[in-house]
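Single-structure report; data block below.
Read-outs: derived from the displayed coordinates by stated rules, not from any lab. Everything numeric in this text was worked out from a predicted model, so none of it was measured. Don't worry about glycine lacking a Cβ; one is built from the backbone with ideal geometry, like all the others, and counts go over all protein chains shown.
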Amino acid sequence: MSQGRGSAVVAAAAVLCLLMVLNSEVVQAATYKVGGARGWTFIVVGWPKGKNFKAGDVLLFSYRTGAHDVAVVNKAGYDSCKVPSNAKVYSSGKDQIKLVKGKNFFICTFPFHCAFAMKIAVTAT
């Protein structure tokens with residue numbers, strides 16, 4: 001094999017290995033539809049139970065626009081059903097939110113919705 005061909009084969013192998021590593025990282029992230037078939041709705045608080053979430057996984061909050069929303073809150077906001085002033089609130093009806101490592105808290109900000117268990121706490125490893 002000539003010098004040029006050998007270098008090209010090594011370069012191609014290196015690129016292939018890099019693509020495999022990058023692809024494996026993307027494949028590891030999972031998308032979960034919050035609430036399953038029912039979507040983001042009342043009494044969804046127990047939905048995360050038994051699931052193993054990882055940082056980078058995506059939660060899909062699916063709901064009728066104008067009927068609900070979803071806010072990323074801290075533990076105090078989750079416990080009190082009150083939205084901190086710095087909370088990010090989504091309202092598209094197809095919100096995709098990437099989990100961070102540790103505790104992640106989400107509530108609906110519509111009056112009384114959070115009180116009717118329209119909130120979830122998710123721990124991502």
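The figures follow:
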| read-out | value |
| --- | --- |
| In the stretch 44-68, residue surrounded by the most Cβ atoms within 10 Å (Cβ to Cβ) [restricted to those that are out of contact with any Gly (no Cβ under 9 Å at 6 or more places or on another chain) and closer than 15 Å to Phe116 by Cβ] | Val45 |
| Matching residues in the stretch 109-123 - criterion: being over 17 Å from the mean Cα position of the chain (by Cα) and part of a loop (DSSP other than H, G, I, E, B) | Thr109, Phe110, Pro111, Phe112, His113, Ala117 |
| Scan of the stretch 90-116 for residues that are under 18 Å from Val44 (Cα atoms), surrounded by fewer than 16 Cβ atoms within 10 Å (Cβ to Cβ) and hydrophobic (A, V, I, L, M, F, W, C), ordered by number | Phe110, Phe112, Ala115, Phe116 |
| Members of the stretch 40-84 that are over 15 Å from Phe110 (Cα atoms) and among the acidic types (Asp, Glu) | Asp57, Asp79 |
| Selection from the stretch 52-95 of residues that are of a type in the set (Lys, Arg), in a loop (DSSP other than H, G, I, E, B) and over 13 Å from the mean Cα position of the chain (by Cα) | Arg64, Lys82 |
| Hey, Gly66 farther than 21 Å from Thr125 by Cα and touching a Pro at 6+ places or on another chain (Cβ under 6 Å) or not | no |
| Residue check, Ile97 free of Cβ contacts under 8 Å to residues at least 60 places away in the same chain and under 18 Å from Gly39 (Cα atoms) | yes |
